[in-house]
Amino acid sequence: MTQLALVIDLNVCVGCHACVTSCKEWNTSGSAGPLCDENPYGADPTGTFFNRVQTFEIGQYPNSETLHFPKSCLHCEDPPCVPVCPTGASYKRKEDGIVLVDYDKCIGCKYCTWACPYGAREFDEKAKVMKKCTLCVDRIYDQSLDEIDRKPSCVKACPTSARLFGDVHDPESEISKAIREDGGYALMPEWGTHPANHYLPRRKTKLKIHNDELERADNPLKVDGLLPKPNKNDPSMDDVSAW
Amino acid sequence: MKPAYSVIFLTTLIGAGQGLFLALFTQQSYALFGQLPMQEDGFYGYGSVLVLLLLCGGLVASFFHLGHPERAWRTATQWRTSWLSREVIVLPAFMGVVFLYATTHLLGWRPVLITLPSGLEIDLSIALGVAGTLLAFTLFICTAMIYACLRFLREWNSPLTVINYILLGGASGFTLATAFAAVIAPLQANFFGGWAIIITLLAFVGRSASLFRNSRLKPISTIQTAIGIKHPQIVQRSKGAMGGTFNTREFFHGKSEKFMRRIKPGFILFSFMLPLLLLFLGLSSASALLLGGAFIVQYSGLLAERWFFFAEAKHPQNHYYQGKA
Ligand code: SF4
Ligand code: SF4
């Protein structure tokens, strides 16, 4: 069975909000109608978004790190938001595991938002229905798009490739490998929702270089300086005189 | 959570309605077994009209909660999984039975259905009363389970939620029945008043138990599990939006700590202490005015109680909006 999902690499996300704007642009322009905003240019703007990037400071300055944290619906494998919906408007697709809201059935009772521990659903105050990330279901299967474009809008927009998209149930997919090899984890695992989306942790890449490794035999840039000058007649490593 | 007035009125109004119906039928059951005098049909009939008014008030209030009330019929479809859907089915069913119960009494049309071996005659109104009683309890369970089934809203996720919905609804219903009896059938006021005092006391114990339990809850989700970073010190610097969002409006009650500390003794006083006092004084002086006052005071106390019930629950999504909390 397929379970489509995103993997978000917190190690490379720079918090540019490109995914947020790209998501909003795609999903406000589709046949499902706009993602409504109120007071967009006023003092207190508010609106409906599928995806938001939040920023956290970890640790105490100066030993602190900034974490940019994109969050959208995690398309849980066991979504608590679905069974509580009284109308059946919220459902999880069997074929690809995407959790969707049928905007024509939703009565806007907001019960599902109470049941989602992640705050991933947002009520559209003008359309009066519940909205949430669709994993760009109207895009990823669109045969009129080039194959390379059949990805969620946010994934296409990310300049650092912090967002990966694929099938978490296929052990050979790019995202399954990333989860496996780079320590991918789920949010709030304590509730047993089994989110399909995973996050890759911040990781430090360090390279230890020992002094003797700097003193290279062929000294190509002539900067090492520590080695005694070889005799003119000595063969150099590349067999071309170093001088 | 942000308490929604529509839901506060829905749950308190139908709770009082269910309680009043249970009170009326309890009296009728006692009377059936000869423990109390059977009342005129009008007593049960007009009493159930009052029940219907309360239930209708609750139903109307609930529609204000919906974005698309015209699609409300769809809510009856997911009864297999959703307690909200079950409530939406049971509420009209209960109203229907109460309506029939009222009609049989007001029209005086109570054909005997069966005669028990002991000679006891079970008429149509008794059968409807039994059905109504079962539905009233089912409705209490459905309403409370809407909240109690959400496992990460831990203030609600407890059998106490169900017990308290039954006891609080029952208390206000029996208090109302006492006032109603004091006007229409004064001799029955002591019967209803006695039960009202007992149920109010039980409700006080139940609600105190849940307040005690909730004050000692240790959070399961933390900011660390929410974002998966195991550092003890994490501070949110940006919520991903400049103005408010649905998430900052729906999940925070927006009142100060001080207000939250004050409302607690306030609703205990108004839901339990004052009504007990007024019931006691009203019964001993046979004053319908005091008994009516007891219901009004208790109902306003329950409005505050329900406000607190919603406001007290801390949703784990708030970890992603801690800058607001
Ligand atoms: S993240 Fe929330 S809205 Fe999305 S599937 Fe999980 S519980 Fe449902
Ligand atoms: S708001 Fe809509 S999708 Fe959510 S539970 Fe209610 S009807 Fe279902």
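Looking at A:Cys76, A:Cys154, just one residue is in contact with a Pro (Cβ under 6 Å, 6 or more places away or on another chain) and away from ligand 2 (no atom under 14 Å from the Cβ), and that residue is A:Cys76.
Filtered by the rule that a residue be at the interface with chain B (Cβ under 7 Å from one of its Cβ atoms), within 13 Å of ligand 2 (Cβ to nearest atom) and part of a loop (DSSP other than H, G, I, E, B), segment A:117-129 gives a lone residue, A:Lys128. Scanning segment A:4-46 for residues that are surrounded by fewer than 21 Cβ atoms within 10 Å (Cβ to Cβ), hydrophobic (A, V, I, L, M, F, W, C) and away from every other protein chain (no Cβ under 12 Å) gives A:Val12, A:Val14, A:Cys16, A:Ala18, A:Trp26, A:Ala32.
Quick check, is A:Gly97 more than 16 Å from ligand 2 (Cβ to nearest atom), small (Gly, Ala, Ser) and facing chain B (nearest Cβ under 8 Å)? For A:Gly97, the condition - more than 16 Å from ligand 2 (Cβ to nearest atom), small (Gly, Ala, Ser) and facing chain B (nearest Cβ under 8 Å) - is not met.
Scanning segment A:83-92 for residues that are part of a loop (DSSP other than H, G, I, E, B) and near ligand 2 (Cβ under 9 Å from one of its atoms), which turns out nearest to B:Arg71 (Cα to Cα)? Here the residue is A:Thr87.
When segment A:140-193 is filtered for residues that are away from chain B (no Cβ under 14 Å), charged (D, E, K, R) and farther than 19 Å from A:Phe50 by Cβ, the ones remaining, listed by number, are A:Asp146, A:Glu147, A:Asp167, A:Asp170, A:Glu172, A:Glu174, A:Lys177, A:Arg180, A:Glu181.
Of all residues in segment A:132-165, those satisfying the criterion of being farther than 15 Å from A:Ser31 by Cβ and of a type in the set (Val, Ile, Thr) are A:Ile140, A:Ile148, A:Val155, A:Thr160. Determine whether B:Arg71 is within 14 Å of another protein chain (Cβ to nearest Cβ), closer than 18 Å to B:Met145 by Cβ and either in contact (Cβ under 8 Å) with a residue 60 or more places away in the chain or among the basic types (Lys, Arg) (or both). Against the criterion (within 14 Å of another protein chain (Cβ to nearest Cβ), closer than 18 Å to B:Met145 by Cβ and either in contact (Cβ under 8 Å) with a residue 60 or more places away in the chain or among the basic types (Lys, Arg) (or both)), B:Arg71 does not qualify. Six or more apart or on different chains, Cβ atoms under 7 Å: show the pairs whose first residue is in segment A:78-89 and facing chain B (nearest Cβ under 7 Å) and whose second is at pLDDT 95 or above and within 10 Å of ligand 1 (Cβ to nearest atom). Close Cβ pairs satisfying both conditions: A:Val84/A:Cys112; A:Val84/A:Ala115; A:Cys85/A:Cys112. State all residues of segment B:300-321 that are aliphatic (A, V, I, L, M) and within 14 Å of another protein chain (Cβ to nearest Cβ); if no residue qualifies, say none. Passing the criteria: B:Ala311, B:Ala313. Residues in segment A:54-74 that are more than 16 Å from ligand 1 (Cβ to nearest atom) and either at the interface with chain B (Cβ under 7 Å from one of its Cβ atoms) or more than 30 Å from B:Ile229 (Cα to Cα) (or both) were compared, and the one that is surrounded by the fewest Cβ atoms within 10 Å (Cβ to Cβ) is A:Gln60.
Among the residues of segment B:75-98, write down those that are buried (at least 17 other Cβ atoms within 10 Å of the Cβ) and more than 14 Å from chain A (Cβ to nearest Cβ). Within segment B:75-98, B:Phe94, B:Met95, B:Val97, B:Val98 meet the criteria. Just one residue in the set B:Thr104, B:Thr81 is assigned to a loop (DSSP other than H, G, I, E, B), at pLDDT 95 or above and more than 30 Å from B:Gly301 (Cα to Cα); that residue is B:Thr81. Among the conditions (1) within 10 Å of ligand 1 (Cβ to nearest atom); (2) surrounded by 24 or more Cβ atoms within 10 Å (Cβ to Cβ); (3) over 17 Å from the mean Cα position of the chain (by Cα), the only one that A:Glu77 does not satisfy is (2).
Per the conditions (1) of a type in the set (A, V, I, L, M); (2) away from ligand 1 (no atom under 12 Å from the Cβ); (3) crowded, with 24+ Cβ neighbours inside 10 Å, the sole criterion not satisfied by A:Leu145 is (3). Residues that are buried (at least 21 other Cβ atoms within 10 Å of the Cβ) and more than 19 Å from the chain's Cα centre (by Cα) were ranked within segment A:130-141; the one that is nearest to ligand 2 (Cβ to nearest atom) is A:Met130.
State all residues of segment A:117-126 that are in contact with a Cys (Cβ under 9 Å, 6 or more places away or on another chain) and either within 20 Å of B:His65 (Cα to Cα) or more than 10 Å from ligand 1 (Cβ to nearest atom) (or both); if no residue qualifies, say none. Within segment A:117-126, A:Arg121, A:Asp124, A:Glu125, A:Lys126 meet the criteria. Within segment B:227-251, residues that are facing another protein chain (nearest Cβ under 7 Å) and more than 19 Å from A:Ser72 (Cβ to Cβ) reach no partner that is among the basic types (Lys, Arg) and surrounded by 14 or more Cβ atoms within 10 Å (Cβ to Cβ) with beta carbons closer than 6 Å at six or more positions or on different chains. Comparison of B:Leu135, B:Leu153 shows that the only residue that is within 16 Å of ligand 1 (Cβ to nearest atom) and on the phi < 0 side of the Ramachandran plot is B:Leu153. The residue that is farthest from the other protein chains (Cβ to nearest Cβ), among those in segment A:100-116 that are within 10 Å of ligand 1 (Cβ to nearest atom) and of a type in the set (A, V, I, L, M, F, W, C), is A:Leu100.
Scanning segment A:37-67 for residues that are outside any loop (DSSP other than H, G, I, E, B) and more than 18 Å from B:Asn247 (Cβ to Cβ) turns up A:Glu57, A:Ile58, A:Glu65, A:Thr66, A:Leu67. Looking across A:Ala43, A:Ala32, A:Ala89, one residue alone is closer than 19 Å to B:Ser238 by Cβ and either within 16 Å of ligand 1 (Cβ to nearest atom) or not basic (Lys, Arg) (or both). It is A:Ala43. Residues in segment A:2-29 that are in a loop (DSSP other than H, G, I, E, B), of a type outside the set (A, V, I, L, M, F, W, C) and under 17 Å from B:Lys239 (Cβ atoms): 2 in all. Taken together, B:Leu168, B:Leu176 contain a single residue that is more than 21 Å from B:Tyr30 (Cα to Cα), buried (at least 24 other Cβ atoms within 10 Å of the Cβ) and touching a residue at least 12 places away in the same chain (Cβ under 8 Å), which is B:Leu168.
The values are calculated or read from the model by the stated rules, or taken from the named source; none is laboratory data. Just so we're clear, the structure is a prediction, and the values are computed from it rather than from any experiment. Glycine also receives a Cβ, built like all others from the backbone with ideal geometry; neighbour counts cover every protein chain displayed.
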